[in-house]
Amino acid sequence: MRSPRSKFVWLLRKELRELVASRAWWIMLIAMGPLVGVSFISAVRTYAEASGLNGTAAGVGEAFSPLVGVWAPTFSACELAAAFLLPFVAIRLVSGDRQSGALKLELQHPMPALVRILAKGLVLLAGWMVALAAGGVAIVLWRSYGGSAYPPELATVVLGHVLNAGLTIALAAATASVTEHPSTAAILTLGVTVGTWIVNFVAAVEGGIWERAAGYTPTAIVAELQHGLIRLDVVLVVAALIACGLVLSAIWTRLGIPVRRRAYESAALGALTAAAILACTFATPSWDMSENRMNSFSEADELALERIHAPLRIEAHLAPEDPRRADLEQHALSKLRRVLPRTEVRYVSATSIGLFEQTSAHYGEIQYDLGGRKAVSHLTTAEGVLETIYDLAGIAPPTEADDVFRGHPLAVPPKGAGTVFYGIWPAVIIAAAFFSRRVRGPL
Amino acid sequence: MFGLEVHHLTKRYRRLTALADVSFTVRPGEIIGLIGPNGSGKTTLFECLAGILPSDDGTVTQGGRPLAPGERSAALFYVPDGIAPWPSQTVRWALDFTIGFFGGREDLRDEVVRRLDLEPFLDAAIGTLSKGQKKRAVLAIGLLAPQPLLLADEPFDGLDLRQTREVAATLRAYAAGGRTLFLSIHQINDAARICDRFVLLSGGRVCGEGTIDELSALAGARGASVRGGDLEEVFLALT
């Protein structure tokens, strides 16, 4: 009698059993409690102090949003775990089959290699979601303190960490399949992670194409989503990179295919992914999921800007490390691009820090060209940029609306969080690990 | 009943030729032994046949029809030597997985467990088993696999004399039931006890193929003096 379950279900269950048997996963789970805990406790304490706790000036926290004040720092612990713990869990699950010889047996099943890798990827993602439960505990604690939680922005933060984990899993799967030994795979994976940090650093100094590339590094992706902004191009690029990593892993687990052919297939995959990423960067839709619309102009400004149909060109004479450039980009241009996707921005500078360019002609200028009408300004604030554009477009600035976000101040210390994250969480995980080894369940 | 013809199989590792123009036939329902010293290419040959190692040249056919590496999984199952697959999982689960994932024969499960004496450690993790226990567990996986041809690399390695005889008897029983067995065996005496025919491999080349009598005759034809029926003498004369 043949088993009625589908082969893929058998494979999923096998991968799940292997994950549960993996010490690396349990260690990651144990570490998640204190990691999230220390971030959460520190964030809630700061938030409380800014909201008027312990005699600090009450009212400062009125502009505070839990997204920036609590969720971004709390969930940043997950970024750390994704960079330094998750790769080992993924490498263990992918390399384990090769090390034990199970791969030689499993390769004799006609199931496509990509399906096998997909099963591993899904199980690893499920394992990561369990780890993210530490963040869920933080949300429950915050609500128990009387804190406000805005589900769309919380979901966006979680999406960022799921996408980041997907990238890590795909990268680790690829390195584990390409290399013979898990330690080599670990070095390669961490090497790529460090490489993305270098790209961020170079981008901050050099600007230009580096700056554009740095927008798609895991750090930048997580940072953007932690601020409640979902950009379609970013999501598509991440999806393309995840698919590339998984397919690369599948290519290199097919031990029966000559190495040369696998190398050609990998090169073709690289070219295809590069083309796909390039195409994805032209996708312009984005969604601001933050409660305080921190990634958007006011609704009145957006309505006014939507009336502008002429192409807008901006040439900013600011060096990459000039703080005014960061102000301009973060507070004005990033919001402007969301309303006017055809906006073309060009930065001009002869040096990286701009210190010795201050006396140069035009340095510090922001030159606008709206359908042939031109203006020059030195203002880098959102208000300054909008004013210039309205002048050029001949549109009256909208009146300020009253529905300004007032924030959710909360002057409550993180009571009981230490016990939960440093005591109960590790104890529960250790008990679960022990129980899973004693009872080999029906998986 | 399943047979196989191997034609001019060649495998190179850069400048080292592991298999050179290897050709032989596996007849349906027989137990054929692949005999050769360490490094003669036995494992490489099995892995090339199973399609988990690419060969540089040669073809594998069944009844004259070429079998591409991707098609061989339907025809043959290879049990590697020295592996401990899924080391954290129990033997019981590994057998269930073989039946569920590879489409193994559930009706044979209890019989295989009994014949290979696996009952005492069905609930032990594979990674915790002794070498001989692991070998029997992996052989059980091979015997449960549904493919008509089973390739087993060193099936007696790690087994004591009694276990070797019991496993040999088990393999014979399955061959009698219609399964074709191709066994790579390091110990020539073990091979002589169980196999119907032999392929002698040395330095990646086939030095002879046939029954002991046929190989003795071949050795005689090459001018060697071989005592009747002694596979060791025949092997030494032909390699």
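I'd like to compare A:426-435, A:12-21: which one has the highest average count of other Cβ atoms within 10 Å, and what's the full order after that?
Values: A:426-435: 14.0, A:12-21: 20.6.
Averaged packing, sorted descending, gives the order A:12-21, A:426-435.
Just order A:85-91, A:314-320 by mean Cβ neighbour count inside 10 Å, highest at the front, would you?
Details: A:85-91: 25.7, A:314-320: 21.7.
Sorting A:85-91, A:314-320 by mean packing, highest first, produces A:85-91, A:314-320.
Counting other Cβ atoms within 10 Å of each Cβ, which chymotrypsin sites (Phe, Trp or Tyr not before Pro) in segment A:272-362 have at most 10 and sit in a DSSP loop? Spell out each step's value before the answer.
On the way: sites: A:PHE282, A:TRP287, A:PHE297, A:TYR347, A:PHE356; in loops: A:PHE282, A:PHE297.
Passing sites in segment A:272-362 are A:PHE282.
Would you kindly derive the ³J(HN,Hα) couplings of segment A:149-156 from the backbone phi angles with the Karplus curve 6.51 cos²θ - 1.76 cosθ + 1.60 (θ = phi - 60°), listing them in order in whole Hz, with x for Gly and Pro?
10, 9, x, x, 6, 5, 4, 5
Output ³J(HN,Hα) for segment A:22-34: one whole-Hz value per residue in order, computed from phi by the Karplus curve 6.51 cos²θ - 1.76 cosθ + 1.60 with θ = phi - 60°, and x for Gly and Pro.
3J(HN,Hα) across segment A:22-34, in whole Hz: 7, 5, 4, 5, 5, 5, 4, 4, 4, 5, 4, x, x.
Place a +1 charge on the Cβ of each Lys and Arg in segment A:232-353 and a -1 charge on the Cβ of each Asp and Glu, then give the dipole magnitude about the Cα centre in debye, rounded to the nearest 20.
Values: 14 positive and 14 negative charges, 150 e Å.
Once rounded to the nearest 20, the dipole reads 720 debye.
Could you sort A:264-272, A:95-103 so that the peptide with the highest average Cβ count within 10 Å comes first and the rest follow in order?
Working: A:264-272: 13.3, A:95-103: 20.3.
Order by mean packing, descending: A:95-103, A:264-272.
Partner chain Cβ atoms within 10 Å, averaged over the residues of B:93-103 - can you pull that number for me? Please report the intermediate quantities before stating the final value.
Details: counts 5, 3, 0, 3, 9, 3, 4, 11, 14, 7, 5.
Neighbouring Cβ atoms belonging to other protein chains average 6 per residue here.
For segment A:278-308, which GluC sites (Glu not before Pro) pass both filters: DSSP loop (anything but H, G, I, E, B) and at most 10 other C-beta atoms within 10 Å?
Values: sites: A:GLU291, A:GLU299, A:GLU302, A:GLU306; in loops: A:GLU291, A:GLU306.
Answer in residue order: A:GLU306.
Dividing the Cα convex hull volume of segment B:84-146 by residue count, how many Å³ per residue is that? Write down the numbers at each step before the final one.
Values: hull volume 4.1 nm³, N = 63.
So the per-residue Cα hull volume is 65 Å³.
In 10 Å bins starting at zero, report the fraction of Cα pairs in the protein assembly as shown per bin as a rounded %.
Percent of pairs per bin, in order: 3, 13, 19, 19, 15, 11, 9, 7, 4, 1, 0, 0.
Output ³J(HN,Hα) for segment A:226-233: one whole-Hz value per residue in order, computed from phi by the Karplus curve 6.51 cos²θ - 1.76 cosθ + 1.60 with θ = phi - 60°, and x for Gly and Pro.
Running phi through 6.51 cos²θ - 1.76 cosθ + 1.60 with θ = phi - 60° gives 5, 9, x, 9, 10, 9, 4, 4 Hz.
Give the lysines reachable from B:LYS134 as a straight Cα distance under 29 Å; neighbours fewer than 8 places away on the same chain don't count.
Cα-Cα hits under 29 Å: A:LYS7, A:LYS14, A:LYS104, A:LYS120, B:LYS42.
Using the alpha carbon gyration tensor of segment A:105-157, what are the three equivalent-ellipsoid semi-axes (square root of 5 times each eigenvalue), largest first, in whole Å? Could the numbers behind the result be given before it?
Numbers: eigenvalues 304, 25, 4 Å².
Computed over segment A:105-157, the values are 39, 11, 5 Å.
Average partner chain C-beta neighbours within 10 Å, per residue of A:94-107?
Details: counts 0, 0, 4, 2, 0, 3, 8, 9, 9, 4, 10, 18, 6, 6.
For this peptide, the per-residue mean of nearby foreign Cβ atoms is 6.
Counting only other chains, and only Cβ atoms inside 10 Å, what mean value do you get across the residues of B:51-57?
Mean partner-chain Cβ count within 10 Å for B:51-57: 5.
Coordinate-derived values only; no laboratory data. From a predicted model like this one, the values you see are computed outputs, not experimental measurements. Note that each Cβ is placed from the backbone with ideal geometry, even for glycine, and that neighbours are counted across all protein chains shown.
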